[in-house]
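**Student:** To start, I am sharing the structure in question, which I have written as structure tokens.
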Amino acid sequence: MKGYLYVADERGAEIEGSRRYLARCRSREEYQAILRELEAAAGDGCMVLDSEKDRRSSAN
């Protein structure tokens, strides 16, 4: 997969150090595992975003 997932604050600004590149991600399950990891680490008011706009909706 190309792109990355990242945690953003309530304004949508990327939180430094949260970016996880998906170059080695080979399956939907691996994508979901990274997504869950970031969601668990995200603080109140934060959200996990995908650099590829269409992928997140199709991966859930």
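The values are calculated or read from the model by the stated rules, or taken from the named source; none is laboratory data. Just so it is clear, the model here is predicted, and its values are computed rather than measured. Quick reminder, even Gly has a Cβ in these numbers, built from the backbone with ideal geometry, and neighbours come from all protein chains shown. Just so you know, the surface numbers come from the protein's heavy atoms only, side chains and all, with ligands and any DNA or RNA stripped out. Shrake-Rupley method; radii C 1.70, N 1.55, O 1.52, S 1.80 Å.
**Student:** What percentage of the solvent-accessible surface of the chain, computed with a 1.4 Å probe over protein heavy atoms, is contributed by carbon and sulfur atoms?
**Tutor:** On the chain, the fraction of accessible area on carbon and sulfur atoms equals 48 percent.
**Student:** Per residue, how large is the accessible surface of the chain? Use a 1.4 angstrom probe and give square angstrom.
**Tutor:** I get 69 Å² per residue for this part.
**Student:** Nearest 20 debye, what's the magnitude of the dipole of the chain about its Cα centre given +1 on Lys and Arg Cβ and -1 on Asp and Glu Cβ?
**Tutor:** 380
**Student:** Next question, about the same structure. Taking the chain as the reference, fit the longest principal axis to its C-alpha atoms, fit the long axis of helix 28-41 to the helix C-alpha atoms, and give the angle between the two in degrees, 0 to 90, nearest 10.
**Tutor:** 10
**Student:** So, in nm, how far is label Ala8 from label Ala40 when the simple model puts each one 7 Å beyond its Cα toward the Cβ?
**Tutor:** Spacing of the two 7 Å Cα→Cβ label points: 2.4 nm.
**Student:** Can you give the helix-only mean residue ellipticity at 222 nm for the chain, where every DSSP H stretch with n ≥ 4 adds -39500 (n - 2.57) and the sum goes over all residues, rounded to the nearest 500 deg cm²/dmol?
**Tutor:** About -9000 deg cm²/dmol.
**Student:** Say the dipole of the chain comes from +1 at the beta carbon of Lys and Arg and -1 at that of Asp and Glu; which of Ala42, Ala8, Ser27 then lies farthest toward its positive end?
**Tutor:** Most positive-ward Cα: Ser27.
**Student:** Of (i) 1.15; (ii) 0.94; (iii) 1.24, which one was derived for Rg/Rh (Cα atoms, Kirkwood Rh) from the structure shown?
**Tutor:** (ii)
**Student:** Within a Cβ distance under 13 Å of Ser18, other residues only, what is the Lys/Arg minus Asp/Glu net charge?
**Tutor:** With Lys, Arg at +1 and Asp, Glu at -1, the net is -4.
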